Structure formats: C-alpha cells, structure tokens
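Written below as structure tokens is the structure these notes are about.
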Amino acid sequence: MRRTLVLGLVWGMLGCSGAGEPGPQGPTLPVVEAGAPLDATFAARAREIARQYKAWGRVDDELRWAPFLCRQPMPASAHVSASGHVDTHGQKLYSVFVRDRERYPADSQVGQVVVKESFVPEPVEQAAPFDQTTAQNVEADHFHPYVVKDGVTYRAGAPAGLFVMFKLSPTTVGTDRGWVYATVNTAGEVSAAGRIASCMTCHEDAEHDRLFGVQTSPY
C-alpha cells in the first residue's frame, strides 16, 4: 500500500511501510472508494480475522518473540504509513500482526493473514518511557505507540480501523492472485472485501507477492 491496504490492509494490510506524512487529524474509520466490493464470504472471513488477530502478536515485538537476546529486547513500536492517500491508511500510524510470522513476508502460503492495525497520529512533546512491568509476560501484547518523523514525535492515538489481507488459492475467483483485501472499522464491521482497487494498485508493486513487509523481530 505505497500509493493506496489495508490491508488495509494492512495492510500496510496489511502493507505499505516507510515515510509518509502523518498529521494530527484523520478519520477514525477506514473509508473505501465508491463501488468497492463486499463479497459476503470474504467479509465473513474478515470478521473472523478481526476477532482473532491479537493472539498472533505484533511482528516486531522482540519481548514476545525473542526474550532471550543478549541485550534488552524491545517492544513493538508504531510505524508511519508510506501511503499518501488519506482516504485509506495514508497519514496514519500502524502496527502489523501476521498469522504465520515465520513465512512473512517473503514466503506467504495459502492461509497467510496480515492485519494492519491503524491509528490516528497525535503529535506529542516526547515519548513516554515503556512500562517494563509488562515485559515480564512474554505472551503479552507489548506496544510502545510512538514514532519520530522529521523531528516530530507522534503517538498512536484513536484507532482508525483494520486493513486486512488474507491468501487463498491463486485460482480463487474475485481475488488478486489469491489475495483478498478487506477493511474493518472500529465497530468490527467490514466495509469492503475482495479486489479493492486502491489496495491492488499499490500492492501490485510489492516485492514479496503483494506484500511490502515490515522488519520482524529476531529470533
């Protein structure tokens, strides 16, 4: 999603990564273009994913995945969307969850799911220190919701919905070479699911079979 995921998808969904231009304002729900697909079967799967994804863990959470490094493991942090499109996940902060982390992003198989959790960016004076007491539980969700862009510190503010990508057989009708894109609002309602044009336009340029990928934590 370097031009417009989710992901969604994330996408982010799950999706574009890099240096976008966050701002303090932004919608709290994913907005999709008029006429975006809403396939009932794909939407049902997207709703199921929205209920499950938290258990998979953030891909860059070292405290969860690599708690025995020879240095202090770091929690997952917020990332700046590279998309310039405000109507999708552009100008938002995000964090990525993946069902099969070991195959992300370069070797996604049928069944892979990527979720980009997005937030409205809030400029702040400085980042608050990470609460190390949460690091004691390896399976917990460790998230430090801050990022610095062009000298400005931003905090992940209000949730701005989910951008989802999940992979079916490449021959599945209504998919992008097997990939399905979906957007889920903060109420858990699926607003689009299928071949979302804005997602496809961006993800067709992705290096890893429609995925850009963010840096995962070491093992």
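Exactly one residue out of Ala192, Ala187, Ala206 is crowded, with 24+ Cβ neighbours inside 10 Å and either modelled with pLDDT of 95 or more or not aromatic (Phe, Trp, Tyr) (or both): that is Ala192.
Return yes when Glu125 is modelled with pLDDT of 95 or more and over 29 Å from Asp209 (Cβ atoms) and no when it is not. First the steps, then the outcome.
Working: modelled with pLDDT of 95 or more: yes; over 29 Å from Asp209 (Cβ atoms): yes.
Yes; evaluated as a whole, the condition is true for this residue.
Would a scan of segment 92-113 turn up a residue that is among the hydrophobic types (A, V, I, L, M, F, W, C), in contact with a Pro (Cβ under 9 Å, 6 or more places away or on another chain) and more than 26 Å from Val180 (Cα to Cα)? No; the residues of segment 92-113 include none that is among the hydrophobic types (A, V, I, L, M, F, W, C), in contact with a Pro (Cβ under 9 Å, 6 or more places away or on another chain) and more than 26 Å from Val180 (Cα to Cα). Of the residues making up segment 61-80, those that are buried (at least 21 other Cβ atoms within 10 Å of the Cβ) and either among the small types (Gly, Ala, Ser) or part of a loop (DSSP other than H, G, I, E, B) (or both) are Asp61, Pro75, Ala76, Ala78.
Screening the candidates Lys149, Lys116 for the property of being within 17 Å of the chain's Cα centre (by Cα) and at negative phi yields one hit, Lys116.
Here's a check for you: in segment 65-113, which residue that is acidic (Asp, Glu) and under 16 Å from the mean Cα position of the chain (by Cα) is modelled with the highest pLDDT?
Applying the first criterion (acidic (Asp, Glu)) to segment 65-113 yields 87, 100, 102, 107.
Still in the list and also under 16 Å from the mean Cα position of the chain (by Cα): 87, 100.
On the way: Asp87: 51, Asp100: 96.
Here the answer is Asp100.
Could you check, for segment 211-218, whether at least one of its residues is modelled with pLDDT of 95 or more, touching a strand residue (DSSP E or B) at 6+ places or on another chain (Cβ under 6 Å) and either of a type outside the set (Gly, Ala, Ser) or assigned to a loop (DSSP other than H, G, I, E, B) (or both)?
The first filter runs over segment 211-218 and keeps only residues modelled with pLDDT of 95 or more, leaving 211.
Applying the additional criterion that residues be touching a strand residue (DSSP E or B) at 6+ places or on another chain (Cβ under 6 Å) yields none.
No - not one qualifying residue is present in segment 211-218.
The values are calculated or read from the model by the stated rules, or taken from the named source; none is laboratory data. None of these values were measured; they are calculated from a predicted model. Reconstructed Cβ throughout: ideal geometry from the backbone, glycine too, with neighbour counts over all protein chains shown.
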